[in-house]
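Any read-out appearing in this document is the output of simple, stated calculations on the displayed coordinates, not a laboratory observation. The model shown is predicted, which means the values in this text are computed figures rather than measured ones. Backbone-built Cβ (ideal geometry, glycine too); neighbour counts: all protein chains shown.
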């Protein structure tokens, strides 16, 4: 590390490493928790989204890197688990003849949302500061996770019933 290294770059690398580790481990942990149950896939998609939002809300107010790094790791355990679980659910339920189109559409929508949210977060951070922008987007994530859990409740109950009593189908 030379004298010309930008200040804070070690902190940035630590936060990005924590994020990457969370994204890598989140799907592995979620797969063990969820198993083959689609009802649990939907439940844990919502819970993972809430985990992401709660941890980023904590990150917005974290007073030190020693607190921020574990929060970034936990947030991305949730984020990585959510994306992987939702893709797994789509693969399980999509008919063979259109599965590729459905997954391509899902990926395209996700990339569009990531692009738009990154642009909006940058504009908001320039106007209000990084902590406020992080808190706003964490709050939006909490609203989205909560709405998802509320809106998928009926589907989760129906899937759980099917999984418990397959003969009734």
Apart from one, (1) out of contact with any helix residue (DSSP H, G or I) (no Cβ under 6 Å at 6 or more places or on another chain); (2) free of Cβ contacts under 8 Å to residues at least 40 places away in the same chain; (3) surrounded by 14 or more Cβ atoms within 10 Å (Cβ to Cβ) all hold for residue 125; the odd one out is (1)
Would you be able to tell me the number of residues in segment 55-69 that are within 19 Å of residue 21 (Cβ to Cβ), in contact with a helix residue (DSSP H, G or I) (Cβ under 7 Å, 6 or more places away or on another chain) and in a helix (DSSP H, G or I)? 7
